[in-house]
Amino acid sequence: MLAIEHLEVDIADAPVLRAVDCVFDKGRTYGLVGRNGAGKTTLMRAIMGVLRSRSGAIRFDGADLTAAPAHARLALGFGYMPEDRRLVPDITVDDNVRIPLLAQGSSDATHLDWAYSLVPEVKALGQRLPTLLSGGQQKLVALARALVAGTRVLLLDEPTEGVSPLLQQRIRHILSEVSRSGAIVLIAESNAKYLSGITDGLYVIERGKVTSG
Ligand SMILES: Nc1ncnc2c1ncn2[C@@H]1O[C@H](COP(=O)(O)OP(=O)(O)OP(=O)(O)O)[C@@H](O)[C@H]1O
Ligand SMILES: [Mg+2]
């Protein structure tokens with residue numbers, strides 16, 4: 001179980017997350033819905049340990065991760081797909097997908113094989129450079145990279161934003177397969193309609209405050 005307890009995060013001395021409490025159970029998929037600037041990305045970055053909290057706690061299976069660095073999350077199986085993809089432009093698609101393994105010094109291909117089994121279209125693009133792909137294809141590459149890391153907790157920041165309706169459908173199908181793996185999946189979206197049929201639980205975020213939906 002992943003638990004966020006009374007988490008407060010400031011950016012540039014301004015409060016952004018305010019007393020956030022939420023709980024995520026294994027094998028379940030959750031939505032995090034809120035309009036622009038509500039704090040969705042900030043919460044995901046705090047869970048990943050990229051942003052420090054002012055107070056509150058982040059616990060995973062009883063371990064206190066609040067002060068743990070980002071790489072400790074990676075070692076625990078936390079994966080994150082940022083809203084702006086952040087692919088490395090001058091290395092191949094396959095090398096991008098392998099970044100989480102490289103970061104952990106791991107040569108175990110199990111997670112890579114799992115990611116490619118879920119998104120085989122990315123494996124087919126393996127030797128291309130990401131800059132030569134469409135925005136939608138780049139989104140799938142970022143998803144595959146997040147899957148390589150996120151075998152236990154997978155955070156996806158607006159995964160279907162700006163992609164064609166057909167690809168949105170494909171991404172939703174992939175995510176429904178992921179949820180059967182036993183991982184915790186958290187999907188941030190600005191509109192709950194993109195989550196219909198794939199989430200077990202919903203949190204709503206409004207000006208940095210989270211309520212269950
Ligand atoms: N680098 C930053 N500097 C200053 N303020 C920031 C910064 N990043 C985020 N904020 C502020 O924090 C608040 C939450 O932003 P955040 O990016 O988490 O929202 P979001 O829900 O992800 O929005 P969006 O739907 O636009 O992605 C906003 O009010 C934003 O202005
Ligand atoms: Mg955001």
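Take the residues of the stretch 1-56 that are farther than 16 Å from L156 by Cβ and of a type in the set (V, I, T): which is surrounded by the fewest Cβ atoms within 10 Å (Cβ to Cβ)? For the stretch 1-56, the residue satisfying everything is I11.
Selection of the stretch 158-213 for residues being part of a loop (DSSP other than H, G, I, E, B) and of a type in the set (S, T, N, Q) yields T160, S164, S190, N191, S196, T199.
Looking at L118, L65, just one residue is more than 16 Å from ligand 1 (Cβ to nearest atom), closer than 21 Å to Y203 by Cβ and modelled with pLDDT of 95 or more, and that residue is L65. Taking every residue in the stretch 36-50 that is in contact (Cβ under 8 Å) with a residue 40 or more places away in the chain and pairing it with any residue that is among the basic types (K, R) and more than 7 Å from ligand 1 (Cβ to nearest atom), at least 6 positions away or on another chain, the pairs with Cβ-Cβ distances below 7 Å are A38/R207; M48/R73.
Contact map, the stretch 73-95: residues that are within 15 Å of H111 (Cα to Cα) paired with residues that are at pLDDT 95 or above and surrounded by fewer than 13 Cβ atoms within 10 Å (Cβ to Cβ), Cβ distance under 7 Å, separation 6+ or inter-chain. Pairs shown: D94/Q127. Would you confirm whether or not the stretch 76-96 contains a residue that is farther than 20 Å from V178 by Cα, within 16 Å of ligand 2 (Cβ to nearest atom) and touching a strand residue (DSSP E or B) at 6+ places or on another chain (Cβ under 7 Å)? Scanning the stretch 76-96 turns up no residue that is farther than 20 Å from V178 by Cα, within 16 Å of ligand 2 (Cβ to nearest atom) and touching a strand residue (DSSP E or B) at 6+ places or on another chain (Cβ under 7 Å). Inspect the stretch 42-53 for any residue being within 12 Å of ligand 1 (Cβ to nearest atom), of a type in the set (S, T, N, Q) and either touching a Gly at 6+ places or on another chain (Cβ under 8 Å) or part of a loop (DSSP other than H, G, I, E, B) (or both) and give the result as yes or no. Among the residues of the stretch 42-53, at least one is within 12 Å of ligand 1 (Cβ to nearest atom), of a type in the set (S, T, N, Q) and either touching a Gly at 6+ places or on another chain (Cβ under 8 Å) or part of a loop (DSSP other than H, G, I, E, B) (or both), which makes the answer yes.
The values are calculated or read from the model by the stated rules, or taken from the named source; none is laboratory data. This one's a predicted model, so the numbers in the text were calculated from it and none came from an experiment. Glycine gets a Cβ as well: all are built from the backbone with ideal geometry, and neighbour counts include every protein chain shown.
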